[in-house]
Amino acid sequence: KGGVSIDVLRGVTLSFDAGDRVAIVGPSGSGKSTFLQILGTLDRPSAGQVLLGGEDVFKLPRRQLDSLRNTRIGFVFQSFNLLERQTAEENVALPLRYGGVPRAERLERAIKMLGKVGLADRVGHRPDELSGGQRQRVAIARALIADPDLILADEPTGNLDSKSGAEILEM
């Protein structure tokens, strides 16, 4: 950043199989979020590769990479990254919108997904009308809506009570 190079991840080699649950832990500033950003193709590594299904994702053309990110990777950001002017339903449906799913179908699927995370009664609420835990569940529903191969979550249950957190992790 600003012309300064900082080694964040060095010599990291990991492999995950379908169904694996992996926790990346470490002190603040140790590179956990950077690692998630690279795994999610939001940031590009200066060296090395990221393989998804055996394919080096950073060799894909930009449009194909964007499509892969939208359909195969679900994100739960630490700050949720919800669109403030959109309802919970619209926020959850967003990946399907980018994926070209017709409006009626994507909204129907979003309502069902919000029901699965315990927010059936909040579909029409905007983020500023929701508690921190409810916003987090909207973000989780958005990450799950496209049934991705990989879900990357930065502190996914931080605003949830232990029972809700366990239910979300089970999903």
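Looking at the range 35-45, can you tell me whether even one residue there is in contact (Cβ under 8 Å) with a residue 12 or more places away in the chain, among the small types (Gly, Ala, Ser), closer than 27 Å to residue 134 by Cα and touching a Phe, Trp or Tyr at 6+ places or on another chain (Cβ under 9 Å)? Yes, that holds for at least one residue. Inspection of the range 14-26 finds a residue satisfying the criterion of being open to solvent by less than 70 Å² (accessible area, probe 1.4 Å) and either over 19 Å from the mean Cα position of the chain (by Cα) or not β-branched (Val, Ile, Thr) (or both). The condition (being surrounded by 13 or more Cβ atoms within 10 Å (Cβ to Cβ), over 21 Å from residue 95 (Cβ atoms), in contact with an Asp or Glu (Cβ under 9 Å, 6 or more places away or on another chain) and among the β-branched types (Val, Ile, Thr)) is satisfied by just one residue among 71, 41, 34: 34.
For beta carbons closer than 6 Å, sequence separation of 6+ or different chains, a first residue in the range 53-64 that is without any contact (Cβ under 8 Å) to a residue 24 or more places away in the chain and a second that is open to solvent by less than 100 Å² (accessible area, probe 1.4 Å), the qualifying pairs are 57/41; 57/50.
Every condition in (1) among the small types (Gly, Ala, Ser); (2) under 14 Å from the mean Cα position of the chain (by Cα); (3) over 23 Å from residue 35 (Cα atoms) holds for residue 74 except the one numbered (3).
Working only within the range 106-160, note down all residues that are hydroxyl-bearing (Ser, Thr, Tyr) and either touching a Pro at 6+ places or on another chain (Cβ under 8 Å) or buried (at least 18 other Cβ atoms within 10 Å of the Cβ) (or both). Explain how you work it out, then say what you get.
Here is the first cut: in the range 106-160, the ones hydroxyl-bearing (Ser, Thr, Tyr) are 131, 157.
Correct list: 157 only.
Look at residue 85 and say whether it is of a type in the set (Lys, Arg), open to solvent by 70 Å² or more (accessible area, probe 1.4 Å) and under 30 Å from residue 111 (Cβ atoms). Reasoning before the result, please.
Values: of a type in the set (Lys, Arg): yes; open to solvent by 70 Å² or more (accessible area, probe 1.4 Å): yes; under 30 Å from residue 111 (Cβ atoms): yes.
Judged against the criteria, residue 85 is a match.
Residue count for the range 44-68 under the criterion of being closer than 22 Å to residue 12 by Cα and either more than 18 Å from the chain's Cα centre (by Cα) or open to solvent by 50 Å² or more (accessible area, probe 1.4 Å) (or both): the result is 14.
The values are calculated or read from the model by the stated rules, or taken from the named source; none is laboratory data. All figures in this text were calculated on a predicted structure; none of them were measured in a lab. Please note: Cβ atoms are built from the backbone with ideal geometry, for glycine as well, and neighbour counts cover all protein chains shown. In case anyone asks, the SASA skips ligands and DNA or RNA and just uses the protein heavy atoms, side chains included. Shrake-Rupley method; radii C 1.70, N 1.55, O 1.52, S 1.80 Å.
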